[in-house]
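The values are calculated or read from the model by the stated rules, or taken from the named source; none is laboratory data. Note that the structure is predicted; figures quoted are calculated from it, not measured. Note that each Cβ is placed from the backbone with ideal geometry, even for glycine, and that neighbours are counted across all protein chains shown. Quick note on the areas: whole protein, heavy atoms, side chains included, nothing else; ligands and nucleic acids left out. Shrake-Rupley method; radii C 1.70, N 1.55, O 1.52, S 1.80 Å.
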Amino acid sequence: MAQLKIEQGSTSHSAYNLRPSFSDVEERHTLAVLVENEPGVLARVIGLFSGRGYNIESLTVAEIDHTGHRSRITIVTTGTPQVIAQIKAQLGRIVPVHEVHDLTEEGRSVERELALFKVRGQGDKRVEALRLADIFRASVVDTTLESFVFEITGTPEKIDAFADLMRPLGLVEVARTGVAALSRGAA
Amino acid sequence: MDGQMTGAKMVVQALKDQGVDVVFGYPGGAVLPIYDEIHQQNDIHHVLVRHEQGAVHAAEGYARSTGKPGVAIVTSGPGATNAVTGLTDALMDSIPIIVISGQAPTFMIGTDAFQEADTVGITRPCTKHNWLIKDTDRLANTLHEAFHVAMSGRPGPVLVDIPKDVQFATGGYVQRTDMKTHYAPPTLGDAASIEQLVTAIETSERPVLYTGGGVINSGPEASRLLREFVAETNMPITSTLMGLGAYPASGERWLGMLGMHGLYEANMAMHGSDLMICLGARFDDRITGRVDAFSPGSTKAHIDIDPSSINKVIRADIPIVGDIAMVLAEVLRVWRERGSKTADHSAWLDQIAKWKAKNCLRYTDSKTTIKPQYALQRLEALTKDRDRYITTEVGQHQMWAAQFLGFEEPNRWMTSGGLGTMGYGFPASVGVQMAHPDSLVINVAGEASWLMNMQEMGTAVQYRLPVKQFILNNERLGMVRQWQELLHNSRYSQSWSEALPDFVKLAEAFGAKGILCKDPADLDDAIMEMLDYDGPVIFDCLVEKHENCFPMIPSGKPHNEMLIGEVATEQAIEAGGAVLV
Ligand SMILES: Cc1cc2nc3c(=O)[nH]c(=O)nc-3n(C[C@H](O)[C@H](O)[C@H](O)COP(=O)(O)OP(=O)(O)OC[C@H]3O[C@@H](n4cnc5c(N)ncnc54)[C@H](O)[C@@H]3O)c2cc1C
Ligand SMILES: Cc1ncc(C[n+]2csc(CCOP(=O)(O)OP(=O)(O)O)c2C)c(N)n1
């Protein structure tokens, strides 16, 4: 048997002989949570995140099966691998939660978000906004002589990029839906 | 009894169908229809507590001492908010209880109606699940589901909020056996991990079993299998505060409790082990101390029914999600099938014997003052052969009780571990005594904690519950005082118990018996007098006022830097540790 070298008061075999602990690299994960569509279920999910100090980058929820009383909550969150695993386990504990899928871990997925942008401006700026909207395949859903409302769909990154470009051109208001996501492929 | 009935009747019917024989509660406007039904039957015994917090702790005591769910009924508004502490306590300690609360009628919800409170909102974070029932037709199924959720997987508290109009309206009753639910947490461990665990046990030279409340939650079969497992593998075993009794204190391999106030040998064994098997414990900070220095050289197996317990604090090398009894049965089966043998542990057991020889619980006794440790040693000596249940309050006395009382069976020890609720022990003792009318039930208390729910004396006297309130009276908020001594240079801010009542007169005022004892020479006789009295007793045991509870691992320190006995404690806790509780 390996000799024991642990004496009372000695620390040489404790703090300085550490096992590889949890990784502290932050990751971004998209979770799909299928829940019973009942009152309070969203409050339970949000309460879990705020109560335990987890991050929510984006959260969307809507009923997806009226007869089956199912809603789908899509959550984009960040955390270390250990925290992400905790979030999934904690979500799984909520009684009206049926399934928790980590789309980031389960393979490739598509993520889309819809956003509306109000851009105010005249002259060159107005023309430039319209030209950029065309490149981003954003459509004009409302027009006045000094403003546009654009509708754009895409990944959150694409929408962020569009916002960056519109800002100097007179961006005054943004509404975003948050992410909807599905795994790719037949499964 | 099928068919149509009022919501109020359904409550009583569902309780009967669930085999409930005792409920603890307090009436009010929003539950009057339910109380009217309770009045008209004899199967369910209702215990009128004196405060709703008492009802919930009593239900917890009932549940923990029987393995059955405990039930409490409270009215809306203040009744429900008074239940919050007990619900949180039960959530932290995984105690299955069902709280039924009244609510303003559905058509008045949201209007700041009389005694309206957002009870499901308030109790959402302190229940395993809760329901607001808006339709009498859904009530019976929900009540059955509430019992199911409270009892399955990791047990916990649930609450069913029933508006008054739902209690009056009629609806269809659903039998317990027809209950619909999708809630079915997994209980059987993964086979490959179990094989891996058995291999780890075969090769380990310094194994230790770290057991917890989950073994008690799992039921008597888990404790039985645990004993078999220890006998077969010869492994030393320690337990958290919550798991005491799963393995007998008189057992050969017993190390005593571990953790902040645990035994030296238990903590050193955890620190020095090469294989730690955690059974139904959750690596609480009272156990791990400094996380990065926690048992640095061991492979860690963690068996827990709740996936979120695993890898929450400490990384598990062999994680197994499952029920303790089921996993242990499987481990034993594989162990025997493979004809497994343990490696030679003798050097390890010798080392443990040396740690034991340190006698870490030693204290300086006195001929003139009762030392709290001495009082508990005498209580143990005079009661250990009886059919005994112990509850505690929170503080130094709780730790001393855990150190000095021995538990041979599970479900005999009721204490508030996770939340640390002062005021838990007395009402819990009421609940335990209701469940075990002929047994000896003792609440080991500190005077400050005991005062927090002392109104339950009325309940004890009314129902002739011979609960023994064994108060170690140091006239201090002892645990707070100890921390102030160690951390705040003995500046004892607000940690006195001033203007204490005369406990003997107090007992008499309630119609109970009071006993005062302050001389060590009188202690045995006084304890015998308490035991012989057939009724509730307040035992005011005046003890040393400045005794500290050792051993102690200061917050933020690793296990092998434990303080033992009356060592020089100055600067024992550094600034970093002081922010921890
Ligand atoms: C003043 C004070 C001092 C304290 N000092 C100490 C101390 O020195 N030492 C100490 O040990 N504690 C101490 N405690 C208690 C401590 O705070 C925790 O409550 C305790 O350590 C937790 O016990 P546990 O790990 O057994 O978990 P519990 O809270 O009992 O949790 C049970 C675990 O088992 C799991 N489980 C439940 N059912 C099952 C099942 N059927 N199958 C499998 N798993 C299951 C649950 O998911 C959970 O993870 C102290 C408390 C107070 C108030
Ligand atoms: C409801 C509640 N309030 C405050 C605390 C903090 N606290 C922990 S122990 C303690 C002192 C307990 O004093 P006593 O009951 O006399 O027991 P002793 O420590 O003296 O044995 C206090 C105030 C708590 N645990 N619970």
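Here is how the numbers come out for the structure above:
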{"item": "B:Asp190 accessible area, assembled protein chains, probe 1.4 Å, Å²", "result": "80"}
{"item": "Bridge type composition, chain B - antiparallel percent by DSSP, nearest 5", "result": "10"}
{"item": "Whole-percent carbon and sulfur share, accessible surface of the stretch B:191-357, 1.4 Å", "result": "52"}
{"item": "Highest-fluctuation residue, A:Leu114, A:Leu145, A:Leu34 considered, GNM on chain A with Cα pairs under 10 Å", "result": "A:Leu145"}
{"item": "Volume per residue that the Cα convex hull of the protein assembly as shown spans, once the total is divided by residue count, Å³", "result": "204"}
{"item": "Length-normalised contact order of the stretch B:78-135 in % [C-alpha pairs under 8 Å, at least 6 apart]", "result": "42"}
{"item": "Cα centre as origin, Lys/Arg/Asp/Glu Cβ charges: the stretch B:3-178 dipole, Debye", "result": "300"}
{"item": "Sum of -39500 (n - 2.57) over DSSP H runs of 4+, divided by residues of chain B (222 nm, nearest 500)", "result": "-11000 deg cm²/dmol"}
{"item": "Magnitude of the charge dipole, chain B, Cβ model with Lys/Arg +1 and Asp/Glu -1, debye to 20", "result": "540"}
{"item": "Accessible area buried between chains B and A, both sides summed, probe 1.4 Å, in Å² to nearest 100", "result": "2900"}
{"item": "Cα pair distances exceeding 21 angstrom across the stretch B:432-508, given as percent", "result": "40"}
{"item": "Heavy-atom accessible area per residue - chain B, 1.4 Å, Å²", "result": "36"}
{"item": "Dipole in debye (nearest 20) - the protein assembly as shown, about Cα centre, beta carbon charges: Lys, Arg +1; Asp, Glu -1", "result": "820"}
{"item": "Solvent-accessible ranking of B:Tyr247, B:Tyr363, largest area first, probe 1.4 Å", "result": "B:Tyr363, B:Tyr247"}
{"item": "Accessible area of B:Ser497 in the full protein assembly, 1.4 Å probe (Å², nearest 10)", "result": "20"}
{"item": "Solvent-accessible surface (1.4 angstrom probe) belonging to B:Asp502, in square angstrom, nearest 10", "result": "80"}
{"item": "Cα-based convex hull volume of chain A per residue, rounded to whole Å³", "result": "225"}
{"item": "Cross-link partners of B:Lys468 among lysines (Cα-Cα below 21 Å; sequence separation of 8 or more within a chain)", "result": "B:Lys371, B:Lys384, B:Lys505, B:Lys513, B:Lys518"}
{"item": "Those lysines that a straight Cα-Cα span of less than 22 Å connects to A:Lys118, excepting residues fewer than 8 apart in one chain", "result": "A:Lys158"}
{"item": "Positive-end residue of A:His98, B:Ser416, B:Ala521, charge dipole of the protein assembly as shown with Cβ unit charges", "result": "A:His98"}
{"item": "Lysines with Cα under 17 Å of B:Lys16, excluding same-chain neighbours fewer than 8 positions away", "result": "B:Lys68"}
{"item": "Rough spin-label spacing in nm, given labels placed 7 Å along Cα→Cβ, for B:Ala509 and B:Arg224", "result": "4.9"}
{"item": "Farthest toward positive dipole pole in the stretch B:191-357 [+1 Lys/Arg, -1 Asp/Glu at C-beta], among B:Tyr264, B:Gly212, B:Ala249", "result": "B:Tyr264"}
